[in-house]
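All remarks here apply to the structure that follows.
A short reminder: the numbers here are calculations on the coordinates, not readings from a lab. Everything quoted here is computed from the prediction, not taken from an experiment. Neighbour counts are summed over all protein chains in view; Cβ atoms, including those assigned to glycine, are modelled from backbone coordinates with ideal geometry.
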């Protein structure tokens, strides 16, 4: 057995390193605590609380609305005798220049010229051979109907000819339901499109124009809308067609649509667009014609002789433009 003094010294030698380690640990802890107490700015900024991130600047793209019509170069002209229409306008289709106008911003009922907007929107949604199932509400639409039957399946291209040539109100409603889901959703889309195009004097309440109350436009807006519609090749092909025979399912087998626009067969160069009539709107006509390199759009609203008015406008335009 070792003497007691030697054992004590031995234990002391073993405890010295341990004591040094404890002292060093204490000093290190104090240093770390001090560093945490006096935190650098970056550490403070990262403390819990609202975080504000500076986002890179986003460049805003401003898309200018196209000016569809311009009245900067109208021709001063007095028709003798005057036109019979309550309002009218003559426009260069290619440039949008208003050649001549008569109360062109006056809001008026427009009857079936409403179908120009209906066709324009439906053409964006429906391919020619898309099959439309006729809803039960379609045969109940008032006034002019081509005789669609609930449940029958019809290719969309036939409905476009029926709506734009024969002016079937049932065909217009069938297109609206197929393109918009519901009548009122489609009518809403018509009004949205009118705002997008800058048609300030236009409001729709039906896809056919059969209802006059709240359904209106102006000669100016109809000419602007027609400029846009005539950019669509399918629309152009339909509205310039005087007569169209289409195959149909039994028991009908075949239908013939005759274009209500008599200008197509009585005026050289005529190639569209749409007629309209209700008791309140009176006879309405949106006409287009091309001769040589000049294309014109003429709109006459509430005219007892809309064809005579349109011909006089177009004759004047071809003599003045170009």
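Annotations
- Cα gyration tensor category, rounded, prolate or oblate, for segment 204-322 with a/c compared to 1.5: oblate
- Computed extension gain for residue 106 through residue 280, at 0.36 nm per residue and net of the alpha carbon distance, reaches 61.2 nm.
- Centroid-to-centroid separation of segment 223-248 and segment 107-182 [C-alpha atoms, Å]: 14
- Working from label points 7 Å from Cα in the Cα-to-Cβ sense, the residue 231 to residue 291 distance is 2.8 nm.
- Residue exposure proxy: 134, 196, 116, ordered by other Cβ atoms within 10 angstrom of their Cβ from fewest to most, comes out as 196, 134, 116.
- In terms of surrounding Cβ atoms within a 10 Å radius of their Cβ, 158, 183, 136 rank from fewest to most as 136, 183, 158.
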